[in-house]
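The values are calculated or read from the model by the stated rules, or taken from the named source; none is laboratory data. Keep in mind it's a predicted model, so treat the numbers as computed, not measured. No Cβ is skipped: glycine too gets one built from the backbone with ideal geometry, and neighbour counts run over all protein chains shown.
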Number of protein chains: 2
Amino acid sequence: MATTSPKTTPASTVAKLGERALIAHIRSLLAMPDWVYLGPGDDAAILEQEPRTLEALTTDAFVEHVHFDRKFCPLDAVGHKALAINLSDLAAMGAKPRAALLSLVLPGELTIGDLDNLLNGLLSLANRSKITIVGGNISRSPAVPRASEQGPLIIDVAVTGNVGRRRVLTRSGARPGDEIYVTGSIGGSVVGLHSLQATLNNSKQSRFETCHTRYLWPEPRVRIGLLLGRNRIASACIDISDGLGNAVKQISEASKVGMVLDAQCLPIEQIVHDWHAEQGTDAIAETLSQGDDYELLFTMPPKYRNRLLAINGLIDNIAITKIGVVTKKCEVSIQTSKGNLDLPHGFEHFR
Amino acid sequence: MATTSPKTTPASTVAKLGERALIAHIRSLLAMPDWVYLGPGDDAAILEQEPRTLEALTTDAFVEHVHFDRKFCPLDAVGHKALAINLSDLAAMGAKPRAALLSLVLPGELTIGDLDNLLNGLLSLANRSKITIVGGNISRSPAVPRASEQGPLIIDVAVTGNVGRRRVLTRSGARPGDEIYVTGSIGGSVVGLHSLQATLNNSKQSRFETCHTRYLWPEPRVRIGLLLGRNRIASACIDISDGLGNAVKQISEASKVGMVLDAQCLPIEQIVHDWHAEQGTDAIAETLSQGDDYELLFTMPPKYRNRLLAINGLIDNIAITKIGVVTKKCEVSIQTSKGNLDLPHGFEHFR
């Protein structure tokens, strides 16, 4: 009969296992492609470079009690989303994901089973996205003095990717006359969050499951970003995780153009409209100001419509919707049946 | 008269300034070299690659209440050390620092003056080390529910560097007969920590100021790492931040060799011996088991002694001390006047 160390059972904690055993445990889950000259286990990872490309580099932290709540976020979703938010940034640059560093700040009471769930969610997306975890760091999260609270669980990911010099998607290339597009559908994530919070006290509420999935398991639009870059049809691109309204403003400012959105065209699902109707809130205003949708907003000269159709044919089940036009006058607004609305500013930490 | 926004005065807080203004504030402090194709401000940074080199990539988090205590660590030292611990890892690979990502998790109550102190310490070392902050992230640190405690301040840095294929310093190349060297002096950092903690309740204790500096302002051995790699004299190299004992064990395991240290040769300063004598602790045993010395341990065939002397001549005021030899028998030990000691295991989180 095989023996299992009591330390590595799912119910044991990371504090009992200890840092070195934890690192060995995580390393055993990783496979290294041949461009990794030296993987985890030395002072730094050493990588062959991808020839004839530029390197894209970004980082995003995913912080308990700020970005997620373990009461309604399963840990495999937490691991998935911690990587997804970083991949979405690479997608918005047209970059192909390559390597990731995983910095974990773990409360000592976290169980090995919980850690494995987190890693399963993260590594499953990493494998699908062909990004390799080449290194990382584990630190203890500080228990709170004079309180019985655990320290927060934090997953801080840094990613690198590659993109050809002429394929970089920036925020600054939008020109008057370009059309404005957004991928997928929007507004579902925030409804998912509110519904999950409400579900805590009411187990019957399952009508909004598609929104729960949008909130917990966002799918970064890496392939669409790559196709937009390779086909050179997007004049500007950004991920809308801080809100569609904010994304529009960012492109407007960086490109020194105006943008007019058509509220009727926004890809907001019926279930999102239903939620807001029940809450007495305005679906369009809320969707514009709230974030957490990991979709791409991009601008494109109208002459590339056929190429965009071809790209759309390569992507299963992800809509690409025209939602407005780029204008010369440096103003951003949204046309609704009740007249023009100003754009709200979007999510911001400390607000 | 120039007007200052009350939000940007040193006494204001990061919560009052808000995420976007904070990012703009930090960006205003950064200068970009010409290989930065696109710096902070888009979804990811875009960099030209350094031709004909491998890329080194590593990350290390610096966590309040775990790695530092604001009661006796000034914030410029915190910023310095958060970068230094990462640069030390690049140094141990023989890599030249290039780009850094700065992920900050900030309690809302942190003042702008405190943040600026932290950034000053970090950017001063970055400038001296010729590493560019190309991007990053700011997140709120969660206030503790049902307690009046702030969330921890966390500085998570990821760094990249470059190293020629034949100049990579790994842990696995030590061979029997090689000599073992360590840079600088050891044991001072932990004495500095204990002395600073004691000083909190006793303002007179300043005999150990050199140790305070070792703890608060460690100087990563980037130049020595580069010189060891370029001259190809080191057969293995590691940074000893998790303890000298641990570092020796890591090289021994990776290289499949034994290592014998001579306790008499360890570069432990008199003030460190004095501290341990006063405390009734064993300076050698403590220095071997405690970490937080950002020095390099490396092995070298004896035939390169002259080259090492030449390197030593290029470096001001940093000793390079022979402390032992590599042996065939896969055991690590330390010879003392009282006989052979086993090596302790070194610092580990959750222990």
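Numbers for the structure displayed
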quantity: Hits in the range B:54-75 - residues which are more than 7 Å from chain A (Cβ to nearest Cβ), closer than 21 Å to residue A:44 by Cα and out of contact with any Phe, Trp or Tyr (no Cβ under 8 Å at 6 or more places or on another chain); calculated: B:67
quantity: Residue identified as more than 25 Å from the chain's Cα centre (by Cα), modelled with pLDDT of 95 or more and either over 26 Å from residue A:215 (Cβ atoms) or within 14 Å of chain B (Cβ to nearest Cβ) (or both) among A:338, A:303, A:329; calculated: A:303
quantity: Hits in the range B:59-90 - residues which are of a type in the set (Asp, Glu) and closer than 21 Å to residue B:295 by Cβ; calculated: B:60, B:89
quantity: Residue in the range B:12-21 that is surrounded by the most Cβ atoms within 10 Å (Cβ to Cβ), counting only those that are of a type in the set (A, V, I, L, M, F, W, C) and within 8 Å of another protein chain (Cβ to nearest Cβ); calculated: B:14
quantity: Subset of the range A:38-53 [buried (at least 18 other Cβ atoms within 10 Å of the Cβ), within 7 Å of chain B (Cβ to nearest Cβ) and not hydrophobic (A, V, I, L, M, F, W, C)]; calculated: A:42, A:43, A:49
quantity: Tally, over the range A:273-300, of residues that are aliphatic (A, V, I, L, M) and under 20 Å from the mean Cα position of the chain (by Cα); calculated: 3
quantity: Which listed residue, of B:251, B:268, B:311, is under 19 Å from the mean Cα position of the chain (by Cα) and closer than 21 Å to residue B:226 by Cα; calculated: B:251
quantity: Residue list for the range B:92-101, filter: at the interface with chain A (Cβ under 8 Å from one of its Cβ atoms) and either within 15 Å of the chain's Cα centre (by Cα) or within 22 Å of residue B:65 (Cα to Cα) (or both); calculated: B:92, B:93, B:95
quantity: Test: residue in the range B:160-180 that is within 14 Å of another protein chain (Cβ to nearest Cβ) and within 30 Å of residue B:140 (Cα to Cα); calculated: yes
quantity: Condition check for residue B:84: under 28 Å from residue A:63 (Cα atoms), surrounded by 24 or more Cβ atoms within 10 Å (Cβ to Cβ), out of contact with any strand residue (DSSP E or B) (no Cβ under 6 Å at 6 or more places or on another chain) and in contact (Cβ under 8 Å) with a residue 24 or more places away in the chain; calculated: yes
quantity: Filter result for residue A:298 (modelled with pLDDT of 95 or more and not aliphatic (A, V, I, L, M)); calculated: yes
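Okay, residues lined up against (1) in contact (Cβ under 8 Å) with a residue 60 or more places away in the chain; (2) assigned by TED's automatic domain parsing to the domain that holds residue B:159; (3) closer than 30 Å to residue B:192 by Cα:
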{"site": "B:29", "(1), (2), (3)": "yes, yes, no"}
{"site": "B:41", "(1), (2), (3)": "no, yes, no"}
{"site": "B:56", "(1), (2), (3)": "yes, yes, no"}
{"site": "B:63", "(1), (2), (3)": "yes, yes, yes"}
{"site": "B:88", "(1), (2), (3)": "yes, yes, yes"}
{"site": "B:105", "(1), (2), (3)": "no, yes, yes"}
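Matching residues to (1) in a loop (DSSP other than H, G, I, E, B); (2) buried (at least 17 other Cβ atoms within 10 Å of the Cβ):
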{"site": "A:271", "(1), (2)": "no, yes"}
{"site": "A:281", "(1), (2)": "yes, no"}
{"site": "A:294", "(1), (2)": "yes, yes"}
{"site": "A:298", "(1), (2)": "no, yes"}
{"site": "A:308", "(1), (2)": "no, yes"}
{"site": "A:313", "(1), (2)": "no, no"}
{"site": "A:324", "(1), (2)": "no, yes"}
{"site": "A:329", "(1), (2)": "yes, no"}
